[in-house]
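I have placed the structure first, in the form of structure tokens, so that the comments after it can refer back to it.
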Amino acid sequence: MELKGSIVALVTPFKENGDVDFDKLGELLDYHCENNSSGIVILGTTGESSCLSFEEEAEMVEFSVKRVNKRVPLIVGSGSNETEKAVRMSKKYSLLGADYVLVITPYYNKTNESGLIKHFTMVADEAKCPVIMYNVPGRTGMSMSIHALEVLSKHPNIWGIKEASGNMSYAAKVSRLLNKDFHMLSGNDDIIVPMMSIGAEGVISVLANVAPKQTAKICELCLEEKYKEANKIQMDLLPFINDLFIEVNPIPVKEAMNYLGFNVGGYRAPLDYMAPNNKDVLIAEIERVKELIY
């Protein structure tokens, strides 16, 4: 399935007792299929995947595959800092029906360049759907070298990269590798337009949880090379985007969703509710942009 435009990094909704709320998950999946999101990511950073059990993850994948039913591409986070685990999860979720798997670079133990190339090669060799590599050094403590990307870009089962370093100089170097077989998505909502102007084909977006149509419009205009119009929307929303990261993701976006009536519940520990002063800032910004997004 073609992958471009606004791809929502979906939150995982929880019940009051802390269980995954599958009824709400179904509502959110339907909402994004019907409100211009071009794809959906589950089990990502925004989905609190690090705090879900393997059983919960598998159940969410099976549920989401059936509910989305090929209306848009479904991307499933399957990465790990243990290569064998990343291979196993990528193969499992692809066999369950994921259209793509999203695989983060190893974190905490990190790795050297040769180990990184082997890590993604082993995953891509076994996954039964295309692999999107995920570079987010702010979370993992390591960034993919351009040489490693050049090698991995030639693997027939690696679709491309979610580039979330926020470093436009690095992204420009990645863009030199892009072609019909190797693609890039922005991993940062605050630089969608700059990233797409150098070759990204869309964004995996936290913002799209609450503003799917506006995020989609930014991407649509960029794909039409109407960057000035896209940038106007981007700049109007930029203070709101910044406030969605006033605390660690996904705390602010879940607070925003609950304030707006999505009722997605709380968090898995160690995440906790937002500091009152930060929440006040976020709510004031929501009120400012409400007319822009609804």
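So, with a 1.4 angstrom probe, what is the percent of accessible area on the chain that is carbon and sulfur?
Accessible surface attributable to carbon and sulfur in the chain totals 50 percent.
Packing-wise, with mean Cβ within 10 Å as the measure, how do 169-179, 245-255 rank, highest first?
Numbers: 169-179: 15.8, 245-255: 20.3.
Highest mean packing first, the order is 245-255, 169-179.
Skip the ligands, DNA and RNA, and give the accessible area per residue of the range 231-294 with a 1.4 Å probe, whole Å². Write down the numbers at each step before the final one.
Details: 3160 Å² over 64 residues.
With the other protein chains kept in place, the range 231-294 gives 49 Å² per residue.
So what's the back-of-envelope 222 nm ellipticity for the chain, counting only DSSP H runs of four-plus at -39500 (n - 2.57) apiece and dividing by all residues, rounded to 500? If you can, show how the numbers build up before the last one.
On the way: 12 runs with 136 residues, N = 294.
Taking each H run of at least 4 residues, the total per residue is -14000 deg cm²/dmol.
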Can you tell me which of L207, L95, L152 moves the most in a GNM of the chain? Springs connect C-alpha atoms under 10 Å apart. L95
Among G79, N179, Y134, whose Cα lies farthest out toward the positive end of the dipole of the chain, if unit charges sit on the beta carbon of Lys, Arg (+1) and Asp, Glu (-1)? N179
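What share of Cα pairs, in percent, lie more than 21 angstrom apart in the range 5-225?
Details: 12404 of 24310 pairs.
The answer is 51 percent, as a whole percent.
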Please identify, among L260, L102, L244, the residue showing maximal mean-square fluctuation in a Gaussian network model of the chain using a 10 angstrom Cα cutoff. L260
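Please work out the ratio of the alpha-carbon Rg of the range 243-291 to 2.2 N^0.38 Å and round it to two decimals. Don't skip to the answer; put the middle values down first.
Working: Rg = 10.3 Å, N = 49, 2.2 N^0.38 = 9.7 Å.
Scaled against compact globular proteins, the figure is 1.06.
Roughly what % of DSSP beta bridges within the chain run antiparallel, to the nearest 5? Can you show the working numbers first?
Details: 2 of 29 bridges.
Counting only bridges with both partners in the chain, antiparallel ones make up about 5 percent.
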Accessible area per residue, Å², the range 1-129 with all protein chains present, probe 1.4 Å: 43
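The values are calculated or read from the model by the stated rules, or taken from the named source; none is laboratory data. Computed from a predicted model, the values in this text were never measured in an experiment. Cβ coordinates were reconstructed from backbone atoms using ideal geometry, including for glycine residues, and neighbour counts include every protein chain displayed. In case anyone asks, the SASA skips ligands and DNA or RNA and just uses the protein heavy atoms, side chains included. Shrake-Rupley method; radii C 1.70, N 1.55, O 1.52, S 1.80 Å.
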